[in-house]
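The values are calculated or read from the model by the stated rules, or taken from the named source; none is laboratory data. Keep in mind the model is a prediction, meaning the values are calculated, not measured. Don't worry about glycine lacking a Cβ; one is built from the backbone with ideal geometry, like all the others, and counts go over all protein chains shown.
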Amino acid sequence: MNAASRIDAGFYGKVRTHGDFVGRGLSAAFVGRWDAWLQRGLLAARERHAGGWLDRYLEMPVWRFSAPPSVIDDCACTGVLMPGIDAVGRYFPFVIARQIEGAARAVDSRWHVEACALALSTLAPSFSLTAFESKLATLHEQPVALASCEGVSMWWTQEDGATHRHEGALDASLFLDLLEAYDIAR
């Protein structure tokens, strides 16, 4: 890896064993933009789907993403996003992300597979934030070139290969697209 590049991994969101947000390792700019985006997205989901929003939210797949600088933060970012819930029943997505400074780079698919499994571990009744952080520090870290267009983020799932291309900043329409990718007709 280029010595000028620095890769930081972190997490943010809600987990079932804690009564409030948990987070570490992500820049304040990332967390601020991410939080504002998801707050707007959750509000839009409640407005559009009324009583059915929660079923859609809970059945969202784990979405993997890559974004060039300026979409989320000044760094390129890659990670995984999944539905989250805290110990008192409040819903807010959970993210594991890697911020990449220097040349625009992302990590290989093995990192996403490992990050997805680690994110899903937050659902276990025996979840430990301390153990989680230790495992986060050991995720595979093989960088590969990131091919992306300026201002365009890519979102995909492993389960069925669904993909979504989003132009511009994170907005409520992106969250609705991710939420509605799987029609769970009720």
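Key figures for this structure:
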quantity	calculated
Among the candidates R6, R40, R98, residue that is at pLDDT 95 or above and basic (K, R)	R40
Extreme residue, modelled with the lowest pLDDT, among residues of region 119-157 that are surrounded by 15 or more Cβ atoms within 10 Å (Cβ to Cβ), in a loop (DSSP other than H, G, I, E, B) and among the aliphatic types (A, V, I, L, M)	L146
Residue within region 66-82 that is touching a residue at least 60 places away in the same chain (Cβ under 8 Å), buried (at least 18 other Cβ atoms within 10 Å of the Cβ) and over 26 Å from S109 (Cβ atoms) present	no
Residue satisfying all of: in region 38-52; among the hydrophobic types (A, V, I, L, M, F, W, C) and surrounded by fewer than 19 Cβ atoms within 10 Å (Cβ to Cβ); farthest from C116 (Cα to Cα) among these	A50
